[in-house]
Amino acid sequence: MKRKTLVVVCCLISLAAALAQSRPAADLIISHANVWTVDKAHPKAQAVAMSGDRIVFVGSDADVKAWQGAGTRVIDAGGKLVMPGFNDAHVHFVSGGSQLDRVQLNDADSPQEFARRIKAQVGKMSKGEWILGGDWDETKWTPAKLPTKELIDSFTPDNPVFVSRYDGHMGLANTLALKLAGITSQTPDPPGGAIVRDAQGNPTGALKDAAADMMYKVVPPLDHDQRLRAVKRALAHAASLGVTSVQNMNPDYEDIAIYSELLDRNELTARIYAAPLIPQVDDQVKIGIRRAFGGPYLRIGALKAYADGSLGSATAYFFEPFSDQPGNHGLLSDEMQPVSLMRDRMMRADAAGLQLCTHAIGDQGISMILDIYSEIQKAHGDADRRWRIEHAQHMAAKDFDRFAQLKVIASVQPYHAIDDGRWAEGRIGHDRASRTYAFRTFLDRGVQLALGTDWDVAPLNPMLTIYAAVTRATLDGKNPNGWFPEQKLTVSEAVEAYTMGSAYAEFQDDVKGSITAGKLADLVILSDDIFSIDPTRIRDVKALKTIVGGKLVYEDGGVQH
Ligand SMILES: [Zn+2]
């Protein structure tokens, strides 16, 4: 080697060394990974470097080495799939967290097992504490008979019990709970509800709809510690599933106070966007905050509204009656009675710059909300509002294009499709069922999708949601090739809607939703490559590690603190 060349080489080496020194080393590197970025400019990579709470580099294993320093933690992903963390666009976080601590009855396959589990729960609780939760399903019993209070009274003399049926439209109370609610043989059925009675007219303990509400009036609200415990359980559950952001529908203000307390202590391990109910609109208007107000871990500035009920309870609001209930079109919610009440609240919210997330399930309920949205647009002019319709289950054919024109986001929960798909066609007929959970049609018409679960109405596990969106295989096994298979999404479409789509739905697509340098370091390492395995196996895939803001919040079965 000539001397001159040697000098040049030496100079280059010292220049590289100087550059490496001037660049701070990353705190965390994931290498040897199959990185699916959801970033159209760079869809795939091998390695990601993170510094503080941000991603600083996405690229090859060779190039990431430049970010490695003495203090860098390196995770060798061993070729596993790395993706942006999931952003669940619709959860009920505190009820989900509370449910995790409560008695689980959904898979109790006999009245004896049902009773045994409640008895076991009594052992974990103190005197006077309510036993709640449940999600029982008597159709799994032979014969399928409603449970009665006699099944559980003997071991619950000191604990009031009110355990719900899985659909949320019925519950079973024990004698003590009935006493606390003042329900006796003399109590008339409330409008919209039924007290199930035996041959002598005595309550059996089973209470339907509005009769169950009589019980909820005496169930004490969660106190501070119970709420805190529920939020911590919910956060740990989310972390274990690779869920790094949640959009919390209908939080109580006390829930937001708990989030704030945990934020203060640096203990939030998922980012939360909270949307309180629209009857409280004037609180946020008064403060003067706008949509997506807050910081990276906690935001408010959205409102959740209700147009109608649900398909399961035959209260979703349709243009035509239910196929199995002539004369019943469903019900508009009390927020829509009169419709001008909803319009006025929404107008006030929009004038203040707040975001609207409206539950609408039946085709007429959805149509009426689109009418209101379009009136607001006429009155207030164009703006980047990112209005949402939550569920958007049963669409009128004429409304897909209106959805797109108004740039309304369809905030959908694919798991409901494989659950309700078992019986929905019997309730609304083939034609309306063909526009039910019409994810493909939404995309084809240019409607933005945001994915979520509605936890705890459905499981929080994103793998079940993707499995549902991709297979549309109903839970009863009767549609292995998909219920209305033309509405299936591909895995990559489902993932994009669950990351970028949900981030867009909360005005955060510039800082999260993809693995891109500069964005928040929220990612998950999965046990299998969901893009290449048989779609039926997606439901069994696990999160191996979950990273939020560059910190490991879950690893192989244990939460990190
Ligand atoms: Zn919900």
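The values are calculated or read from the model by the stated rules, or taken from the named source; none is laboratory data. Nothing here was measured: the structure is a model prediction, and the numbers come from that model. Methodologically, a virtual Cβ is constructed for each residue, glycine included, from the backbone with ideal geometry; neighbour enumeration extends over all protein chains shown.
Being out of contact with any strand residue (DSSP E or B) (no Cβ under 9 Å at 6 or more places or on another chain), surrounded by fewer than 14 Cβ atoms within 10 Å (Cβ to Cβ) and over 19 Å from ILE547 (Cα atoms) is the filter here, so list the residues in segment 61-82 that pass it. Correct list: ALA70 only. Remark: pairs (first residue in segment 88-110, hydroxyl-bearing (Ser, Thr, Tyr); second residue within 14 Å of the ligand (Cβ to nearest atom) and at pLDDT below 95; Cβ separation under 8 Å; 6+ apart in sequence or on different chains) = SER95/ASP456.
Considering segment 91-129, and only residues there that are small (Gly, Ala, Ser) and over 28 Å from ALA257 (Cβ atoms), the residue that is surrounded by the fewest Cβ atoms within 10 Å (Cβ to Cβ) turns out to be GLY123.
Are any residues in segment 271-314 more than 21 Å from ARG345 (Cβ to Cβ) and modelled with pLDDT of 95 or more, and if so, which ones? Passing the criteria: ARG271, ILE272, GLY294, GLY295, PRO296, TYR297, LEU298. Within the set VAL58, VAL48, VAL38, the sole residue that is crowded, with 16+ Cβ neighbours inside 10 Å, touching a His at 6+ places or on another chain (Cβ under 7 Å) and either touching a residue at least 12 places away in the same chain (Cβ under 8 Å) or part of a loop (DSSP other than H, G, I, E, B) (or both) turns out to be VAL58.
The residue pairs whose first member lies in segment 164-183 and is in contact (Cβ under 8 Å) with a residue 24 or more places away in the chain and charged (D, E, K, R), whose second member is buried (at least 22 other Cβ atoms within 10 Å of the Cβ) and not in a loop (DSSP other than H, G, I, E, B), and whose beta carbons are closer than 6 Å, counting only pairs six or more residues apart or on different chains, are ARG165/TRP136.
The number of residues in segment 154-185 being within 24 Å of the chain's Cα centre (by Cα) and in a strand (DSSP E or B) comes to 5. Do we find that THR465 is assigned to a loop (DSSP other than H, G, I, E, B), of a type in the set (S, T, N, Q) and within 16 Å of the ligand (Cβ to nearest atom) in this structure? For THR465, the condition - assigned to a loop (DSSP other than H, G, I, E, B), of a type in the set (S, T, N, Q) and within 16 Å of the ligand (Cβ to nearest atom) - is not met. For the residues ILE530, ILE515, the requirement of being crowded, with 22+ Cβ neighbours inside 10 Å, part of a loop (DSSP other than H, G, I, E, B) and out of contact with any strand residue (DSSP E or B) (no Cβ under 6 Å at 6 or more places or on another chain) singles out ILE530.
In segment 218-258, the qualifying residues are those that are among the hydroxyl-bearing types (Ser, Thr, Tyr) and surrounded by 24 or more Cβ atoms within 10 Å (Cβ to Cβ), and the one that is nearest to ARG539 (Cα to Cα) is THR244. When ALA302 is tested against the conditions (1) among the hydrophobic types (A, V, I, L, M, F, W, C); (2) away from the ligand (no atom under 16 Å from the Cβ); (3) under 30 Å from LEU552 (Cβ atoms), the lone failure is (2). So which residues in segment 542-558 are closer than 11 Å to ILE525 by Cβ, assigned to a loop (DSSP other than H, G, I, E, B) and either modelled with pLDDT of 95 or more or touching a Cys at 6+ places or on another chain (Cβ under 7 Å) (or both), if there are any at all? The one that is closer than 11 Å to ILE525 by Cβ, assigned to a loop (DSSP other than H, G, I, E, B) and either modelled with pLDDT of 95 or more or touching a Cys at 6+ places or on another chain (Cβ under 7 Å) (or both): LYS542.
Within the set ALA392, ALA379, the sole residue that is more than 16 Å from the ligand (Cβ to nearest atom), of a type in the set (Gly, Ala, Ser) and either surrounded by fewer than 22 Cβ atoms within 10 Å (Cβ to Cβ) or more than 10 Å from ALA307 (Cβ to Cβ) (or both) turns out to be ALA379. Taking the conditions (1) crowded, with 23+ Cβ neighbours inside 10 Å; (2) within 16 Å of the ligand (Cβ to nearest atom) in turn, GLY85 satisfies each one other than (2). When LYS232 is tested against (1) over 28 Å from MET83 (Cα atoms); (2) part of a helix (DSSP H, G or I), only condition (1) is not met. Across segment 395-424, the number of residues qualifying as within 16 Å of the ligand (Cβ to nearest atom) and closer than 23 Å to LEU303 by Cα comes to 7. I'm checking my understanding of the structure. Among residues of segment 238-294 that are of a type in the set (Lys, Arg) and either assigned to a helix (DSSP H, G or I) or under 20 Å from the mean Cα position of the chain (by Cα) (or both), which one is nearest to ILE547 (Cα to Cα)? Filtering first and then ranking leaves ARG271. Take LYS119 and decide whether it is under 26 Å from LYS179 (Cβ atoms) and either within 16 Å of the ligand (Cβ to nearest atom) or not in a helix (DSSP H, G or I) (or both). Here the answer is no, as LYS119 does not meet what is asked. Applying the condition of being closer than 13 Å to PHE162 by Cβ, in contact with a helix residue (DSSP H, G or I) (Cβ under 8 Å, 6 or more places away or on another chain) and of a type in the set (A, V, I, L, M) to segment 194-217 and asking which residue is surrounded by the most Cβ atoms within 10 Å (Cβ to Cβ) yields LEU207.
Looking at ALA206, is it over 30 Å from LEU526 (Cβ atoms), without any contact (Cβ under 8 Å) to a residue 40 or more places away in the chain and away from the ligand (no atom under 16 Å from the Cβ)? No.
Restricting segment 442-458 to residues that are in contact with a Phe, Trp or Tyr (Cβ under 7 Å, 6 or more places away or on another chain), in a loop (DSSP other than H, G, I, E, B) and at pLDDT 95 or above, the residue that is nearest to the ligand (Cβ to nearest atom) is THR453.
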